[in-house]
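Undergrad: Here's a structure for you.
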Amino acid sequence: MRFARKPTSSRHRPSSSVVYVLGLLLPQRCLVCAVGGVPLCAACRARLPPLRPPLCARCGAPTAWPVARCRECAGRRLAFASARAALRYDEDVRRLVRAWKEQGQRGLADDAAAIVAERLARPAAQLVTFVPPDPGRRQARGYHPAQRLAEALARRWQLPYQPLLRRSGPSRRQRGLSLAERRRNVRGAFRAAAARGTIVLVDDVYTSGATADAAASALRAAGARRVEVVTFARAIRGAQ
Ligand SMILES: [Zn+2]
Ligand SMILES: [Zn+2]
């Protein structure tokens, strides 16, 4: 019997804890193409779509030429100074991130950190922290990709790592909400421990920027001078 780790329809999905236990017992397969051996095979890794300049200096959206602000972020008050991502959030990356969340693939955090460190310059920062997960999201129990990625990146960049943020209450799922609703939904969703200097804020995916903005806002309110957002992947508006 073969278990291909292709996404199944939501009606037939087993619970995340069952998927997690299966993930521990079954031979490892590439989360993108299901070839046996490793969580991300060399061929799929080489095909992951990079996010290359020119970019918006602020929000990291790809642009026709370098700009300080782009159509996506112009006029928005953003609490972070910059947002950068290693990859475009395309179908393969989406599959990879979903499996990473649901199956808690520990080996993948190092691969993801290596991909980010290859593609993004080491930030001039004092500390690396992460965006805590929305409690309503499906994920393997106790395993948070953003946290593992932050820890692995801090090791690679030789920066201190510290969890600074927590969710201050339940918020609705962001998926399916408009940008204005997303911003309202996450406003005030985070509390931060005392912070200072420049903080690298790590998340798995940058979608609308609303979550990164709310988390950065809590860090700034707690004393951080500057927040630089780093994500594994970034959704490109108009490309999905
Ligand atoms: Zn593969
Ligand atoms: Zn922008």
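Readers should treat all values here as calculations from the given coordinates under stated rules, not as data from a laboratory. Since the structure is predicted, the reported quantities are computational estimates derived from the model, not experimental observations. So basically every Cβ, Gly included, is an ideal-geometry build from the backbone, and we count neighbours across all protein chains shown.
Undergrad: Using a Förster radius of 35 Å, what is the FRET efficiency between Arg167 and Cys33 based on their Cβ-Cβ separation? Nearest 0.05, please.
TA: In this case the efficiency is close to 0.50.
Undergrad: Another one. Of Ala218, Tyr206, Ile236, which is farthest along the charge dipole of region 201-240 in the positive direction, counting Lys and Arg as +1 and Asp and Glu as -1 at C-beta?
TA: Of the candidates, Ala218 comes out farthest on the positive side.
Undergrad: Kindly rank 33-41, 204-212 from highest to lowest mean number of other beta carbons found within 10 Å of each residue.
TA: Ranked from most to least packed, the peptides come out as 204-212, 33-41.
Undergrad: Charges at C-beta only: +1 for Lys and Arg, -1 for Asp and Glu. How large is the resulting dipole of region 100-240 about its Cα centre, in Debye rounded to 20?
TA: Roughly 480 debye, rounded to the nearest 20.
Undergrad: Separate question: Assuming 0.36 nm per residue, please report the length gained on full extension of the stretch Arg71 to Glu91 beyond their Cα-Cα distance.
TA: Net length gain for the segment: 4.8 nm.
Undergrad: What are the residues whose amide H is under 5 Å from the amide H of Ala85, where those residues sit 5 or more places off or on another chain and H is modelled from the backbone?
TA: Counting only residues 5 or more places away or on other chains, the set is Thr231.
Undergrad: So how do 91-101, 59-69 stack up, highest first, on mean other-Cβ count within 10 Å?
TA: For the peptides 91-101, 59-69, the packing ranking is 91-101, 59-69.
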